[in-house]
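Working notes, structure below.
The values are calculated or read from the model by the stated rules, or taken from the named source; none is laboratory data. Keep in mind that this is a model prediction, so the values were computed, not measured. Here the Cβ positions follow ideal geometry from the backbone for every residue, glycine too, while neighbour counts run over all protein chains shown.
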Amino acid sequence: MKILVTGGAGFIGSHVAEAAIEAGHQVLVVDDLSNGRTENLPTNADFHPIDIRDKDVLRELVVHFKPDAISHHAAQASVTVSVREPLLDAEVNVLGSLNVANVALECGSRLIFSSTGGALYGEVPEGQAAGEDWPALPLSPYACSKASFELYLRAYGQSNGLRYTILRYANVYGPRQDPHGEAGVVSIFLQRLLRGEPVQVNARATPGDDGCVRDYVYVRDSVRANLAAFEGALDGRTINIASGVATTTRALAEQLVQLVDKPAIVNDGPYRAGDLERSVLDPAVMISMLGEPTPLERGLTATTEWFRSHMQSS
Ligand code: NAD
């Protein structure tokens, strides 16, 4: 198959591009390198440094390639930046994404959209996990732009027959992870611990508060979902890509300290207003269609080894 990966020089997109090449697909990568890096690109990918907002340039390239499927990862992917620059966020995540949807329609390509489960559902009450049928309660411009493009996809599917899949990622972690992304804490902690620097758990100064609760999912699970979606197995679906496991920042820090196996200092930091307190997703649909998620310990072990060898060689 011919696969276009937008944002393929970024963290998740580069893993998707790499796996698609390994699976024998012909891969074209588009990325404006605003956050991605050419070092992330798989060796056999055909790369074009294009901004998805540049609709004519994008269209010319993609119509010529005529992909069977588009894995759409290019995005302004930072919640913090979206709060500071909501217009930029909407320009890339809504208008840029519409350029991608329009060219998908023109080429008859499947469109696989990287949405967010981590930000879309808002606060998830203690003891619960957000299923795909939960209402979207965006609390940031980033979550608004992702929710908005989901609605466009549904409308394009209904009115124009666009074949699409919406993957709502939880907090994705793994090799090549960018410290500024939604699950950036894994890469921040690992880099600091491997350098022998202290890490900080931001939490309320009340007994039993161990920081935010998050659902960490290994990047390989996002990749599996994309590969299945290319084949049409997830057409019309909206699926949480998640582990369903609630992990506090302190528990994460403790696991990473053990894996790094060096003397470590874990400090208490100030509570950060504005952070979601608890975000955990229900992975039942994903499990039924794609199998079990990678256990946290296995994913963190692989990620630690990657950062260890990568930091030694750089
Ligand atoms: P990333 O920043 O590493 O990757 C995004 C890529 O898009 C970058 O390489 C960047 O250079 C590129 N890009 C940005 N604006 C562009 C533009 N205008 N034109 C072309 N390319 C552009 O982020 P990531 O963590 O790999 O996230 C990939 C996707 O998954 C994003 O859509 C993000 O919103 C979504 N997502 C990520 C997570 C997570 O935990 N990392 C969770 C939920 C959803």
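Quick notes on this structure:
- Residue match in the stretch 169-185 (condition: within 23 Å of GLU277 (Cβ to Cβ), touching a Leu at 6+ places or on another chain (Cβ under 6 Å) and at pLDDT 95 or above): yes
- Within the stretch 135-161, residues that are closer than 19 Å to VAL92 by Cβ and within 13 Å of the ligand (Cβ to nearest atom) sit with their Cβ atoms under 7 Å from residues that are of a type in the set (D, E, K, R) and outside any loop (DSSP other than H, G, I, E, B), at 6+ positions apart or across chains, in these pairs: PRO141/ASP89; TYR142/ASP89; SER145/ASP89.
- Highlighted here are the strands (runs of 3 or more DSSP E) found entirely within the stretch 187-280 that include at least 2 residues which are farther than 30 Å from ALA155 by Cβ and at pLDDT below 95: 199-202, 266-269.
- When ILE21, ILE3 are screened for being more than 10 Å from the ligand (Cβ to nearest atom), hydrophobic (A, V, I, L, M, F, W, C) and free of Cβ contacts under 8 Å to residues at least 60 places away in the same chain, only ILE21 passes.
- Residue list for the stretch 240-280, restricted to those being buried (at least 17 other Cβ atoms within 10 Å of the Cβ) and touching a Lys or Arg at 6+ places or on another chain (Cβ under 7 Å): ASN240, ILE241, THR247, SER279
- Some residue of the stretch 108-126 being surrounded by fewer than 16 Cβ atoms within 10 Å (Cβ to Cβ), modelled with pLDDT of 95 or more and more than 19 Å from ASP275 (Cα to Cα): yes
- Exactly one residue out of SER78, SER34, SER97, SER71 is closer than 30 Å to PRO135 by Cβ, surrounded by fewer than 24 Cβ atoms within 10 Å (Cβ to Cβ) and among the hydroxyl-bearing types (Ser, Thr, Tyr): that is SER78.
- For VAL186: the one exception among (1) surrounded by fewer than 21 Cβ atoms within 10 Å (Cβ to Cβ); (2) within 16 Å of the ligand (Cβ to nearest atom); (3) not assigned by TED's automatic domain parsing to the domain that holds ALA9: (1)
- Residue count for the stretch 161-219, restricted to those that are among the polar types (S, T, N, Q) and under 22 Å from ALA264 (Cα atoms): 5
- Here PRO138 does not fit the description of being out of contact with any His (no Cβ under 9 Å at 6 or more places or on another chain) and surrounded by fewer than 17 Cβ atoms within 10 Å (Cβ to Cβ).
- Any hit, the stretch 111-129, residues being more than 15 Å from the chain's Cα centre (by Cα), closer than 18 Å to ASN240 by Cβ, part of a strand (DSSP E or B) and not charged (D, E, K, R): no
- Subset tally (residues that are surrounded by fewer than 21 Cβ atoms within 10 Å (Cβ to Cβ) and β-branched (Val, Ile, Thr)) for the stretch 1-31: 1
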